[in-house]
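Everything on this sheet refers to the single structure shown next.
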2 protein chains.
Amino acid sequence: MVEFDPITEAHRQWSARWPEHADHMTAITSVMRVQQLLLARVEDVLKPHSLTFAAFEALRLLAFTRHGSLPMGKMGERLMVHPASVTNAIRKLESRGLVERRLSPDDRRVVLATITDDGRAVVAEATDALNQADFGLAGLTREQAAEVTVTLRLLRTTAGDA
Amino acid sequence: MVEFDPITEAHRQWSARWPEHADHMTAITSVMRVQQLLLARVEDVLKPHSLTFAAFEALRLLAFTRHGSLPMGKMGERLMVHPASVTNAIRKLESRGLVERRLSPDDRRVVLATITDDGRAVVAEATDALNQADFGLAGLTREQAAEVTVTLRLLRTTAGDA
DNA sequence: TCCAGGTCCTTTAACGTCCAAGTATCTATA
DNA sequence: TATAGATACTTGGACGTTAAAGGACCTGGA
């Protein structure tokens, strides 16, 4: 099946020149490539629901909360993205009526994003679709998926997460 | 050190509702997050050299070739990105004099990107910097880095790579 | 009371990625 | 030889991300 794997080739090139760094280089390249592939897969599943993965995550997060509402800043923390990304995502969702924005009565600097009934319906369908597709990882057993998470947690902590 | 890990929390939320899909969801989320972290690390190292990771990869690829030159299309294959991304990357490198573009004498549809002496100098320095920083993975042994690659290769093939 | 400093969010600007459409060029076939 | 179909690349648009700067709003100490 595999005729030529660019990542394997890159490792070969690197090994010939800087053998002691080839493994680290290849690990990075693998992460980048896997992310690219999986994002494409997930977005394919989401496309019929007119959601990007970023939009899905924002909606999913709100639906998980007790009152379907969260301050923008909190969303950024939970989604681990820049505040500007939250603004961007919520603006689009709001324009589609899937989310509403209002100022917090307690602190008027704070913007509360609240999922609407339409938003709940959309995210429920999208969630089912992703679950059915196993998030694009239908080829993996639960154990294998869990192993990926464990391996990457080592990488996350090494790279400064949490 | 770890007070609250959004990925662990997301897994908890998912497990409470769709336990049979939580591991796959978490694997995806982990990949996305790790990519984000590592890209940021690598770009920090590259910033003093005024290169993005995409620009570095393009330059590095050209420097590896026999004549320092490759058709745009081939670059897209090797870098595993869309042709438009190659156009984009090469345009910026060309404007900085790190790469030159010329039409192939054999097939005038083909654009050959060629690294310049300046380009070679820049990529050599950037490569040293990345190697010294172990690509942002200084905390990992070579064995651990290799393990990441192996685990992700399973994921790549599952997701349709190669 | 008042103001300096911190916090919350938005805006703007760079960058990267992809898709879809358009142009130029080659190639195989009628 | 002419032409329809493939290929190679670029362009323009949509989307995501971050950094930096600005406006509005708290808050605590003088």
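The values are calculated or read from the model by the stated rules, or taken from the named source; none is laboratory data. The shown structure was predicted, so the numbers you read here are calculated from the model rather than taken from an experiment. Note: ideal-geometry Cβ built from the backbone for every residue, glycine included; neighbour counts use all protein chains shown. Each accessible area value is taken on the protein alone, full model and side chains, heavy atoms only, with ligands, DNA and RNA left out. Shrake-Rupley method; radii C 1.70, N 1.55, O 1.52, S 1.80 Å.
General observations
- Selection among B:155, B:113, B:79 by position relative to the dipole of the stretch B:6-158 gives B:113 as farthest towards the positive end (Cβ unit charges, Cα centre).
- Residue-level result for chain B: its Cβ closest to the axis carrying B onto A, with that distance in Å, is B:35, 2.
- Cα gyration tensor category, rounded, prolate or oblate, for the stretch B:90-132 with a/c compared to 1.5: prolate
- Protein-only accessible surface order, largest first, of B:143, A:125 at 1.4 Å: B:143, A:125
- B:33, B:120, ranked by accessible area, largest first (probe 1.4 Å): B:120, B:33
- Label-point spacing at residue B:12 relative to the other copies reads 4.8 nm, in ascending order, each point sitting 7 Å out from Cα along Cα→Cβ.
- Principal axis dimensions, largest first and in whole angstrom, of the stretch B:40-85 by Cα: 29, 23, 12
- Take the Cβ atoms of residue A:106 and residue B:147, set R0 to 51 Å, and the FRET efficiency comes out at 0.60.
- Kyte-Doolittle mean at least -0.5 and Cα axial length at least 30 Å: DSSP H helices in chain B: B:22-46
- Modelled label positions at residue B:44 and residue B:9, each set 7 Å beyond Cα in the direction of Cβ, lie 2.3 nm from each other.
- Mean ellipticity per residue at 222 nm, deg cm²/dmol - from DSSP H runs of n ≥ 4 across chain A, formula -39500 (n - 2.57): -20500 deg cm²/dmol
- D_trans [Stokes-Einstein, Kirkwood Rh over alpha-carbon pairs] for the protein assembly as shown, 25 °C, 0.890 mPa s, µm² s⁻¹: 115 µm²/s
- Rounded if a/c under 1.5, otherwise prolate or oblate - the stretch A:1-100, Cα gyration tensor axes: prolate
- Overall dimensions of the stretch B:23-162 as given by Cα atoms, namely Rg and Dmax in Å: 16.8, 53
- A/B buried area, accessible surface, summed, 1.4 Å probe, Å²: 6900 Å²
- Nearby aspartates and glutamates by direct alpha-carbon distance to residue A:92 (threshold 18 angstrom, same-chain neighbours under 8 apart not counted): A:43, A:57, A:100, A:117, A:118
- Paramagnetic reach from residue A:84 (point 7 Å along Cα→Cβ, amide N under 20 Å) across the stretch B:36-63: B:36-48, B:50-55
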